[in-house]
Structures are given as C-alpha cells and as structure tokens.
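Engineer: A single structure is presented below for examination.
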Amino acid sequence: MEARLNVFGSPLAAKVIKHINAAGKVISDSPLPAATQELVKIRASQINGCGFCLDMHTKEAVEAGETSTRLHLVAAWREAKVFTDAERAALELAEQGTRLADGAGGVTDEAWANAAKHYDEEQLTALVALIALINAYNRFNVITQQPAGDYRPGQFA
C-alpha cells in the first residue's frame with residue numbers, strides 16, 4: 001500500500017500536524033490515565049479502520065506496559081473482564097463519540113453520566129478532546145491511506 005499524499009514531506013501537512021500534535025501533548029499531559037488514553041485511541045481507530053493509528057497506539061501501549069490480553073480484547077471490551085469500570089465508561093464514550101453519524105441521538109445521557117461517575121471535569125475534558133483528536137487523526141490517515149506496520153515506539157516523540 002502506498003499513501004495517496006506524502007504527508008511527511010508536505011510543508012502544509014507539517015503545519016497542520018504540528019498543531020494537532022500540540023493538542024495531543026496537552027491531552028497526554030492531562031490527568032486522564034495514560035492507559036485509558038491508549039485504549040480510547042485504539043478503540044476509535046478500530047472503528048474507523050485506521051491501520052496507521054492502530055499500529056502506533058498498540059505498540060505505544062505495549063511499550064508503556066499494557067498486556068497483550070487487554071490489547072487483544074479492546075474490540076470486545078463489553079464481554080472482557082480485564083477492563084475497569086472507568087475504562088469501560090471511557091470506551092463507551094469513545095464508541096458513541098466516534099459513531100456520531102450512525103445514530104441521531106449522538107452520545108447518550110447514560111454514557112455521559114457513567115463517564116462522569118469515574119472522571120472529574122478535567123479528565124472528562126481530556127477524554128472528550130482525545131476522542132475528537134483521535135478521530136481527526138484517523139480521518140487524516142484513512143483518507144490519505146497511510147500505510148501501517150513500520151511504526152517504532154517513540155518515533156514521533
């Protein structure tokens with residue numbers, strides 16, 4: 001597979017990605033747990049079919065100590081016993097926030113209330129921003145068909 005655009009060689013893409021990455025740094029430095037952040041990125045990327053982001057975030061999660069069992073079960077988190085109630089709430093919010101176009105109701109009050117039980121306002125802000133941001137990355141990569149498989153942990157640090 002070859003990318004439709006050379007986003008790593010484009011001055012305009014470099015400017016856009018620089019700003020998106022700056023927002024990502026704010027979120028990664030937030031009080032939202034790092035493991036939760038990676039799980040949310042992985043789940044949204046699965047839904048959106050973004051191989052580039054799945055490659056990156058599964059490898060980063062492993063590097064940070066995430067278990068293969070949990071990573072293999074992200075897509076089936078509802079049936080898996082390996083996630084905390086807080087992580088489940090974040091994954092539900094991520095799914096509903098990623099699938100906005102699939103339902104007229106958007107994110108349900110129940111999903112929001114469940115997330116609010118587990119995360120304070122700063123963490124919720126980071127979670128919402130993360131869901132929006134990973135969806136932006138996914139769309140950028142899927143539209144331009146960025147190939148997956150070559151990512152090395154810390155590559156963009």
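Engineer: Can you work out which of the residues in segment 129-157 that are open to solvent by 70 Å² or more (accessible area, probe 1.4 Å) and in a helix (DSSP H, G or I) is nearest to Arg99 (Cα to Cα)?
Structural biologist: By that ranking, first place goes to Arg139.
Engineer: Just give me the residues in segment 6-15 being without any contact (Cβ under 8 Å) to a residue 12 or more places away in the chain, of a type in the set (A, V, I, L, M) and under 12 Å from Thr144 (Cβ atoms), in sequence order. I'd like the intermediate steps shown before the answer.
Structural biologist: Residues of segment 6-15 without any contact (Cβ under 8 Å) to a residue 12 or more places away in the chain: 6, 8-15.
Next cut, of a type in the set (A, V, I, L, M) only: 12-14.
Listed by number, the list holds a single entry, Ala13.
Engineer: Mind checking which pairs have a first residue in segment 113-134 that is within 14 Å of Gly24 (Cβ to Cβ) and a second that is open to solvent by 70 Å² or more (accessible area, probe 1.4 Å) and part of a helix (DSSP H, G or I), Cβ under 9 Å, 6 or more apart or different chains?
Structural biologist: So the pair list comes out as Ala126/Val26; Ala129/Val26.
Engineer: With the structure loaded, tell me whether Thr58 is of a type in the set (Ser, Thr, Tyr) and in contact (Cβ under 8 Å) with a residue 60 or more places away in the chain or whether it fails that test. Step through it out loud before you land on a result.
Structural biologist: Values: of a type in the set (Ser, Thr, Tyr): yes; in contact (Cβ under 8 Å) with a residue 60 or more places away in the chain: no.
Against the criterion (of a type in the set (Ser, Thr, Tyr) and in contact (Cβ under 8 Å) with a residue 60 or more places away in the chain), Thr58 does not qualify.
Engineer: Kindly establish whether Ser28 is within 17 Å of Gly154 (Cα to Cα) and either modelled with pLDDT of 95 or more or of a type in the set (D, E, K, R) (or both). I'd like the intermediate steps shown before the answer.
Structural biologist: Numbers: within 17 Å of Gly154 (Cα to Cα): yes; either modelled with pLDDT of 95 or more or of a type in the set (D, E, K, R) (or both): yes.
Judged against the criteria, Ser28 is a match.
Engineer: Here is a follow-up. Could you check segment 68-119 for helices (runs of 4 or more DSSP H) lying wholly inside it with 3 or more residues that are under 15 Å from the mean Cα position of the chain (by Cα) and of a type in the set (A, V, I, L, M)? Spell out the reasoning first.
Structural biologist: Values: elements: 68-73, 85-98, 109-118.
Hits in segment 68-119: 85-98.
Engineer: Identify all residues within segment 10-32 that are part of a helix (DSSP H, G or I) and farther than 25 Å from Glu122 by Cβ; write none if there are none. Spell out the reasoning first.
Structural biologist: Narrowing segment 10-32 to residues part of a helix (DSSP H, G or I): 11-28.
Residues satisfying the conditions are Pro11, Leu12, Ala13, Ala14, Lys15, Val16, Ile17.
Engineer: Test Trp77 against the criterion of being farther than 20 Å from Gln46 by Cβ and out of contact with any strand residue (DSSP E or B) (no Cβ under 8 Å at 6 or more places or on another chain), and give yes or no.
Structural biologist: Working: farther than 20 Å from Gln46 by Cβ: no; out of contact with any strand residue (DSSP E or B) (no Cβ under 8 Å at 6 or more places or on another chain): yes.
Answer is no for this residue.
The values are calculated or read from the model by the stated rules, or taken from the named source; none is laboratory data. It should be emphasised that the depicted structure is a prediction, and the values quoted were computed from it without experimental measurement. Backbone-built Cβ (ideal geometry, glycine too); neighbour counts: all protein chains shown. Ligands, DNA and RNA are stripped out before the accessible areas are found, and what is left, the full protein with its side chains, is counted by its heavy atoms. Shrake-Rupley method; radii C 1.70, N 1.55, O 1.52, S 1.80 Å.
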